[in-house]
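S.K.: I have a structure here, written as structure tokens, and I will follow up with some questions on it.
The values are calculated or read from the model by the stated rules, or taken from the named source; none is laboratory data. Quick caveat, the model's predicted, so the values are computed rather than measured. Glycine also receives a Cβ, built like all others from the backbone with ideal geometry; neighbour counts cover every protein chain displayed. These accessible areas exclude ligands, DNA and RNA; they are computed on the full protein's heavy atoms, side chains included. Shrake-Rupley method; radii C 1.70, N 1.55, O 1.52, S 1.80 Å.
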Amino acid sequence: MSAVRIARLSEQPLDLDLHLDAVEDSSSGAVTTFVGRVRDTDPDASDAVVALEYSAHPDAEQTLHRIAADAAAGTDAIVAVSHRVGRLEVGEAAVVIAVASGHRAAAFEVCRTVIETIKTDLPVWKRQVEADGTTEWKGLGG
């Protein structure tokens, strides 16, 4: 079975339990998760952030799968990862990652590698919307 159980972009709210179920495996003694949520502050914003609008390149889902597979390579880790697209309000999950492995060190390492690589390599862009109507485009990966 593949090390990557879920790697997708979604316009629908992300479900952490779905990701946890996807990585369920009797040989895995450790499960780590990461949930990246929209927050109401940004150091570059002049007003409160009210939403993020994510858009993605057509190849982004394929890239997300590669990111997860590369992070898990050489380990016993199982990965489930999703990234939202569309408009997200403050508090909504933009990224959900679940990683299971035999031991915690690999689970933590793979989870961290997935999110850090998403930030640098995933062709997803976000437009930050502030309370006063100001908008600003941000770079790769959200």
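S.K.: Between 0 and 90 degrees, rounded to the nearest ten: what's the tilt of helix 60-72 against the longest Cα principal axis of the chain?
M.R.: With rounding to tens, the tilt is 40 degrees.
S.K.: With labels modelled as points extended 7 Å from the Cα through the Cβ direction, what inter-label distance (nm, one decimal) is found for residue 30 paired with residue 42?
M.R.: 3.4 nm
S.K.: Could you provide, to the nearest whole Å², the per residue accessible area of segment 19-142 with probe 1.4 Å?
M.R.: Accessible surface, normalised per residue, equals 49 Å².
S.K.: Counting Lys and Arg as +1 and Asp and Glu as -1, what is the net charge of the other residues whose Cβ lies under 9 Å from the Cβ of residue 129?
M.R.: It works out to a net charge of -1.
S.K.: So how many Å³ per residue does the convex hull of the Cα atoms of the chain work out to?
M.R.: 98 Å³
S.K.: Where a ≥ b ≥ c are the square roots of the eigenvalues of the C-alpha gyration tensor, would you call segment 22-64 rounded, which needs a/c under 1.5, or, failing that, prolate if a/b is larger than b/c, or oblate? Each step should come with its number before you reach the end.
M.R.: Details: a/c = 4.34, a/b = 1.72, b/c = 2.52.
Judged from the Cα gyration tensor, segment 22-64 comes out oblate (a/c at least 1.5, b/c at or above a/b).
S.K.: Can you list the residues, at least 5 places off or on another chain, whose amide H is less than 5 Å from the amide H of residue 103, using H built in the peptide plane?
M.R.: Residues meeting the amide H criterion: 29, 30.
S.K.: Using 7 Å Cα-to-Cβ label points, what is the residue 70/residue 55 separation (nm, one decimal)?
M.R.: 2.5 nm
S.K.: Subtracting the Cα-Cα distance from 0.36 nm times the residue separation, let me have the gained length for residue 89 to residue 2 in nm, one decimal.
M.R.: On the way: separation 87, 0.36 × 87 = 31.32 nm, distance 3.33 nm.
Difference between extended and current length: 28.0 nm.
S.K.: What order, most packed first, do the peptides 24-37, 79-92 have when packing is the mean number of other Cβ atoms within 10 Å of each residue?
M.R.: Ranking the peptides 24-37, 79-92 by packing returns 79-92, 24-37.
S.K.: Between residue 116 and residue 103, what is the spin-label point distance in nm, taking each point 7 Å from the Cα along the Cα→C-beta axis?
M.R.: Using points 7 Å along Cα→Cβ, the separation is 1.9 nm.
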